Amino acid sequence: MTGQGPRGDLVPSGIVALLGTRGPTSRTDIARGLGLSPATVTQVTKDLIARGVVEELESVPSNGGRPARLLGLVSQAGVALGAKVTADHVAVVTVELDGTVRSTRSHPYDPSSSEAIPELGRILAAEVAGLDDRLLGVGVGVPGSVDSQASGIVDAPTLSWRAVPVGPVLRQAIGTPVLVDNDVNTLAAAERLYGIGRDHSSYLVVTIGRGIGCGIVVDGGIYRGANGGAGEIGHIPVWASGGGAEPPCTCGSTGCLEAYIGAEGLVRTARARCGIESLDELLRAATNGDARAQAVYAEAGELLGRALAGVIHTVDPEVVVLLGEGVDGWEFWQPGFEPSFRRSLLPARKGVPVVVEPWTEDQWARGAASLVLASPFDSTGNGGEQSRLVRARLGAS
């Protein structure tokens, strides 16, 4: 894992977490992956072996000298619970340290109810009560701004939430560490553990679906901004050809990128041009060769490309990851996106890679669980006391 490594009390849990996410690893690779000195790794792993948390496994060939001994976890170090909150349900997953999703469930949910947050607490408390494994903590992803992962105060217009104390209420209801963040940031945390973030310290995770979101990782840590609202690229004001009034956005403004190319914006355009009433119908039409449907996607891709180029110039990431429900139709976005994106970039940035990853619905909740599992690598302190509590549980394994 590139970028800043764990320091101080993060080191033992960081090593345990690295072995959990990568599997058996040599001391040399642990030191390289966490940015630690070989002496520190040797000292800390000696203690972990004595405590029965880590064990030496088989040897592997090395470039000269003695074969390197691999280290592995003695047993499962625990699990994390992840919850993704939406406008009509809560998706919950149980995730092992290596990222394996052990179970997935969905609960009907009304976020506009006066009892919405206590009800969320009851849902998650019941899930925790049903676990047989030792729980490290609970991660919650929401479609909105969160002041910090540690406190968990949420502003989410699509849920009708304003300054809602999600973190404090859930911690009281569940009795475990709870970390809360914007849902796209949770996907960026998952990439840090299991994907692009293993090899890159600065990257963007861009989601296309109901909205357009962006998780920003700089020097190995999620950049959240002054108020937890960094990455809301769906609300960049854009202009689309064709004239007419600018479409309204869920944020209360008009002409936002999301209003044009988010799910509702795509359907609005498809309805006007093709008589199509849903995203599923739009994708079927494009797949069957309907040129008008394909043009809807291509124009959306062009707008996304121009807007994303501006973000690239601002952040200068090593790589961009595209995720979300919308990637199912990426072959139709791409003809508009690629030329627009590259054309809008400065010469020195034109080669930035864009990786489109496969999407499954449980990735949202798995991302939320990654807030917990990434706590040992929380060098920026986003998780505060909640991350420390997770590390204490992990170190007690």
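I'd like the full set of residues that are out of contact with any His (no Cβ under 8 Å at 6 or more places or on another chain) and either of a type in the set (A, V, I, L, M) or open to solvent by less than 40 Å² (accessible area, probe 1.4 Å) (or both), limited to the stretch 334-356.
Listed by number, the residues that qualify are G336, F337, S340, F341, A348, V352, V354, V355, V356.
For the stretch 85-117: of the residues being among the aliphatic types (A, V, I, L, M) and modelled with pLDDT under 95, which is surrounded by the fewest Cβ atoms within 10 Å (Cβ to Cβ)? It would help to see each step written out before you state the result.
Narrowing the stretch 85-117 to residues among the aliphatic types (A, V, I, L, M): 85, 87, 90-93, 95, 97, 101, 116-117.
The next check asks that each one be modelled with pLDDT under 95; those that pass are 87, 95, 97, 101.
On the way: A87: 14, V95: 27, L97: 23, V101: 16.
The residue in question is A87.
Here's the yes/no breakdown for (1) surrounded by 21 or more Cβ atoms within 10 Å (Cβ to Cβ); (2) at negative phi; (3) in contact (Cβ under 8 Å) with a residue 40 or more places away in the chain:
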position: V142; (1), (2), (3): yes, yes, yes
position: S148; (1), (2), (3): no, yes, yes
position: T158; (1), (2), (3): no, yes, yes
position: A163; (1), (2), (3): no, no, no
position: V166; (1), (2), (3): yes, yes, yes
position: V169; (1), (2), (3): no, yes, yes
position: L179; (1), (2), (3): yes, yes, yes
position: D183; (1), (2), (3): yes, yes, yes
position: L193; (1), (2), (3): yes, yes, yes
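Among the residues of the stretch 355-366, count how many are touching a residue at least 40 places away in the same chain (Cβ under 8 Å), in contact with a strand residue (DSSP E or B) (Cβ under 6 Å, 6 or more places away or on another chain) and not charged (D, E, K, R).
Residues of the stretch 355-366 touching a residue at least 40 places away in the same chain (Cβ under 8 Å): 355, 357, 361-366.
Now restrict to residues that are in contact with a strand residue (DSSP E or B) (Cβ under 6 Å, 6 or more places away or on another chain): 355, 357, 362, 364-366.
With not charged (D, E, K, R) added as a condition, the list becomes 355, 364-365.
Here the count works out to 3.
Output the number of the condition that A309 fails; it satisfies all remaining conditions of (1) open to solvent by 40 Å² or more (accessible area, probe 1.4 Å); (2) under 29 Å from E246 (Cα atoms); (3) not aromatic (F, W, Y).
(1)
Output the residue which, of all residues in the stretch 380-397 that are under 19 Å from the mean Cα position of the chain (by Cα) and buried (at least 18 other Cβ atoms within 10 Å of the Cβ), is modelled with the lowest pLDDT.
Within the stretch 380-397, the subset under 19 Å from the mean Cα position of the chain (by Cα) is 380-384, 386-387, 390.
Remaining after also requiring buried (at least 18 other Cβ atoms within 10 Å of the Cβ): 382-383, 386-387, 390.
Details: N382: 80, G383: 87, Q386: 92, S387: 89, V390: 89.
Among those residues, the one meeting the criterion is N382.
I need a count of the residues in the stretch 206-236 that are within 24 Å of S253 (Cα to Cα) and assigned to a strand (DSSP E or B). First the steps, then the outcome.
Pass one, the stretch 206-236, residues within 24 Å of S253 (Cα to Cα): 206-216, 224-236.
If we keep only those that are assigned to a strand (DSSP E or B) as well, we get 206-208, 212-216.
Number of matching residues: 8.
Of all residues in the stretch 255-283, which are open to solvent by 70 Å² or more (accessible area, probe 1.4 Å) and outside any helix (DSSP H, G or I)? Walk me through how you get there before you give the answer.
Kept after step one, since they are open to solvent by 70 Å² or more (accessible area, probe 1.4 Å), are these residues of the stretch 255-283: 264, 268, 271-273, 277, 280.
Answer for the stretch 255-283, where residues must be open to solvent by 70 Å² or more (accessible area, probe 1.4 Å) and outside any helix (DSSP H, G or I): just E277.
Across the stretch 48-83, which residue is modelled with the lowest pLDDT among those that are basic (K, R) and assigned to a loop (DSSP other than H, G, I, E, B)? Break it down stepwise before answering.
So the first thing to find is which residues in the stretch 48-83 are basic (K, R), and the list is 51, 66, 69.
Okay, now just the ones that are also assigned to a loop (DSSP other than H, G, I, E, B), so 51, 66.
Working: R51: 76, R66: 64.
Among them, the one singled out is R66.
Residue-wise test of (1) closer than 30 Å to V74 by Cα; (2) of a type in the set (K, R); (3) touching a strand residue (DSSP E or B) at 6+ places or on another chain (Cβ under 9 Å).
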residue: S114; (1), (2), (3): no, no, no
residue: P118; (1), (2), (3): no, no, no
residue: E127; (1), (2), (3): yes, no, yes
residue: R134; (1), (2), (3): yes, yes, yes
residue: V140; (1), (2), (3): yes, no, yes
residue: G144; (1), (2), (3): no, no, yes
residue: D181; (1), (2), (3): no, no, yes
residue: V184; (1), (2), (3): no, no, yes
residue: E191; (1), (2), (3): yes, no, yes
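Pick out the one residue from L303, L308 that is in contact (Cβ under 8 Å) with a residue 60 or more places away in the chain, within 28 Å of R198 (Cα to Cα) and part of a helix (DSSP H, G or I).
L308
The values are calculated or read from the model by the stated rules, or taken from the named source; none is laboratory data. What you see is a predicted model, and the numbers here were worked out from it, not measured in a lab. Heads up, the Cβs are rebuilt from the backbone with ideal geometry, glycines too, and the neighbour counts pull from every protein chain shown. These accessible areas exclude ligands, DNA and RNA; they are computed on the full protein's heavy atoms, side chains included. Shrake-Rupley method; radii C 1.70, N 1.55, O 1.52, S 1.80 Å.
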